[in-house]
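Worksheet: the structure to be examined is printed underneath.
Where a number appears in this text, it was derived from the coordinates with a stated rule and is not lab data. It should be emphasised that the depicted structure is a prediction, and the values quoted were computed from it without experimental measurement. For neighbour counting, all protein chains shown are included, and Cβ atoms are generated from backbone atoms with ideal geometry for every residue, glycine included.
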Amino acid sequence: MSLRFSGGPYVNTTFTTTVGTRLEIVNGIVSALTSAGWSTVTSASGTTPENLKMNVRMYDPGSGNCARVQIKTPDGYWTSQDSWLFPSAGRVFNVIACPYQCFIWTITPPSQTSNNFGTFLAWGTPALPTWLVGYTTQCGWIKGNSNGDSGGWVGSWRNELSGWSGEYYSHWSGFWNHEYIDRNPANDYYRSGDMTLVMQGPGFTGPAGNGVGGWQGRRWVDNTINLSDPLIGWGASAIADEARIMGQLWDCAIASDAFAADLTVTIGTHNGTTMTNSNTGSTASPAGTLIVCYS
Amino acid sequence: MSLRFSNGPYANYQFTQATGTRLEIMQGLQYALNLAGWTTISSSTSTIIMQTQTTPESLAMRVKIYDPGSGSARVQIMNVSQALTSGDCWLTPAANKTGRVVACPYQFFIYTQMSMYNACEFVAAGTPALPPWLVGVTTECGWMSGNAIGDGGGLVYSFRNGYLPGDANYYTRWSGFRSTSSTSNMINRNANDDYDDSGDLVITSSVPGRSTYDEAGYQSSWPCQRWIDGTMIFADTYIIFGTTSSLDEGKIQGQMWDAASCSVVFTGDTCLNIGGHAAIAITHNQTSYGAGYSGQTVPGTLFIAYT
């Protein structure tokens, strides 16, 4: 494959929950997605070049802390569990969206930091390689950083490329053809079917015992950053399944080095932002940074 | 980048030592490298020096194969001027021992079928492919990896065992050099009971964002070894090592020729087709293993094409 760019229309914007209501979040998302070419069904993505699309439902449950988001198969057969976005007065949400994908997050408070639940959410229908066109007839994913309406911060791609942090909590959903999965563990390990991004990196994990530390091969010998395709995979129907690669994120790349979040970067002629924050890697996860482009 | 194929000439050559002499190994490797388009710079019964063809990015290197008079046959890599010369890697002869050489104009692998277990039975070396932006920046580059830390014993893991030519027992044996217009360095790494260094030789593969855990909470494997329809990933095989020292940051020096890092585990010497190229599995049953200080290797198989 190679990096896949949607060609837009792109949205790179913010909205503020001035009063701090759930409805302000719903309205902010709807406005951004409409600008990015989504249609209001509830809200449906554009159709990818490989004939994939998905629906997303943003709603105010009428009580509780958070606005809620669900993804739905385009035929309406399956609806995911809830993911949560927590409003508060004056909170600014960032949005990058294209016709097939959306990232929402806060910089203040930092959505990568524990306790700031309900401050990151992303969803999309992926790009496919040629050999999966017609084989995959519908596919969608959603990843948040909360496992409840009133707390339970979990890691996301703000933290590392698995969208995990530590070893015990996650929150995501996915559908592929007619197989569906909701994952909202409390105190469980990262399992074979858990959602992850996949990059190109060294075939050995973990910082070295001697030397400068950190993962090897983060850069070319002239310090050029290695960029790789951001593939996305998960177990199709059960957490005990073998995770398989479903497709590729749109308008994204994975840099093999660690960067601070929210830096402006350029990839070729495309402008983007660093989504992952200072992911230097560990013995169980590679160093690297998800970059999301908005042009 | 994408997989880089040399387009040959290729050698996939097996030879059996009749009496088990160092000279038989030297001549077997020389024969295979000649098939693959290498040039013999000099040749005697004690020392053979051969040179690769020049890559499209203007890199070349030399290999010295020699008989030290006792023990194993030895292999060294050198730059073309021979100002940079590596340490030794070892190939032990024995009567009726069969070795395989998979070679192209810029690279070779020589090994026995059981070299994942037996020391002094694996050596690989080459000068890599470069991306466009390093052409003229990197003027010389070469690498070599063996599976012994000395003549007559001391097995270390190699690409027969995994993507990291080293193991949990803290041994590795490799050399690498790189020259620019202003610098020229050779690293010789022959670690004996040492931790892995940040600049130690390793190759790239596809890497998921996290290794998985089993029910007992132990790291067990890595997810996403296949696409949803079962298609395997064949990732570019980049070569990483420190620039001037094994204690440097390991950086990507170039790309292995005719190579693909497959995300799926295969038995060594399995043959399959990669986009019209017949290829052989160098790595044997690498499901993931603890390595060096505290990490793990990613499961997968290094394939080398020979057509």
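Looking only at B:SER115, B:SER86, B:SER58, which one moves most when chain B is put into a Gaussian network model with springs between Cα atoms under 10 Å?
B:SER58
For the pair A:SER35/A:THR47, report the inter-label distance in nm, with labels modelled 7 Å from Cα in the Cβ direction.
2.7
With springs only between Cα atoms under 10 Å apart, run a GNM on chain B and tell me which of B:ILE240, B:ILE228, B:ILE187 wobbles the most.
Looking only at B:ILE240, B:ILE228, B:ILE187, the biggest GNM fluctuation is shown by B:ILE228.
In what sequence do B:THR267, B:THR139, B:THR127 fall when counting other Cβ within 10 Å, fewest first?
B:THR267, B:THR139, B:THR127
Looking only at B:PHE177, B:PHE108, B:PHE15, which one moves most when chain B is put into a Gaussian network model with springs between Cα atoms under 10 Å?
Comparing B:PHE177, B:PHE108, B:PHE15 in the GNM, the peak value goes to B:PHE15.
Amide H neighbours of B:GLN286 under 5 Å, at least 5 residues apart or on other chains, H built in the peptide plane: list them.
B:PHE266, B:GLY300
Could you work out how far helix B:22-35 tilts from the main Cα principal axis of chain B, as a 0 to 90 degree angle to the nearest 10?
So the helix axis and the longest Cα principal axis differ by about 80 degrees.
Taking 0.36 nm per residue of separation and subtracting the Cα-Cα distance, what length does fully extending A:ARG57 through A:ASN271 add?
Once the chain is fully extended between A:ARG57 and A:ASN271, it gains 74.2 nm.
For a quick check: sort A:GLU242, A:GLU50 by the number of other beta carbons within 10 angstrom, fewest at the front.
Fewest-to-most Cβ neighbours within 10 Å comes out as A:GLU242, A:GLU50.
Output the 0 to 90 degree angle, nearest 10, between the alpha-carbon long axis of helix A:22-35 and the longest principal axis computed from the alpha carbons of chain A.
In chain A, helix A:22-35 runs at an angle near 70 degrees to the longest axis.
Given labels modelled 7 Å from the Cα in the Cβ direction, how far is it in nm from B:TYR195 to B:SER245?
Modelled inter-label distance: 1.6 nm.
From the phi of every residue in the range A:243-248, what ³J(HN,Hα) in whole Hz does the Karplus formula 6.51 cos²θ - 1.76 cosθ + 1.60 yield, where θ is phi - 60° and glycine or proline is x?
Result, ordered by residue: 5, 10, 6, 8, x, 9 Hz.
Assuming a strict under-23 Å limit between Cα atoms, what lysine pair count do you get for the protein assembly as shown once near-sequence pairs (fewer than 8 apart, same chain) are dropped?
The result is 4.
Which semi-axes, in whole Å and largest first, does the equivalent ellipsoid of chain A have when worked out from the alpha carbon gyration tensor as the square roots of 5 times its eigenvalues?
Value: 27, 22, 20 Å, ordered largest first.
Mind jotting down the distance between the C-alpha centroids of the range A:135-152 and the range B:238-279, whole Å?
After rounding, the separation between the Cα centres reads 35 Å.
Along the Cα-to-Cβ line of B:THR54, 7 Å from the Cα, sits a label point; which residues in the range B:114-130 have backbone N less than 20 Å from it?
Flagged as within label range: B:126-130.
Against the globular-protein guess of 2.2 N^0.38 Å, express the Cα radius of gyration of the protein assembly as shown as a ratio, rounded to two decimals.
Ratio of Rg to 2.2 N^0.38 Å for the protein assembly as shown: 1.03.
Per residue of the range A:229-238, what does 6.51 cos²θ - 1.76 cosθ + 1.60 with θ = phi - 60° give for ³J(HN,Hα)? Whole Hz please, x for Gly and Pro, Karplus curve as stated.
With the stated coefficients, the range A:229-238 comes to 5, x, 6, 10, x, 6, x, 5, 9, 8 Hz.
Among A:THR280, A:THR264, B:THR92, what is the fewest-to-most ranking by other Cβ atoms within 10 Å?
A:THR264, A:THR280, B:THR92
With r as the distance between the Cβ atoms of B:SER46 and A:TRP131 and R0 = 56 Å, compute the FRET efficiency 1/(1 + (r/R0)^6) and round to 0.05.
0.55
Subtracting the Cα-Cα distance from 0.36 nm times the residue separation, let me have the gained length for B:ASN96 to B:THR39 in nm, one decimal.
My answer for the length gained is 17.7 nm.
Roughly how many nanometres apart are two label points built 7 Å out from the Cα toward the Cβ at A:VAL92 and B:THR307?
6.1
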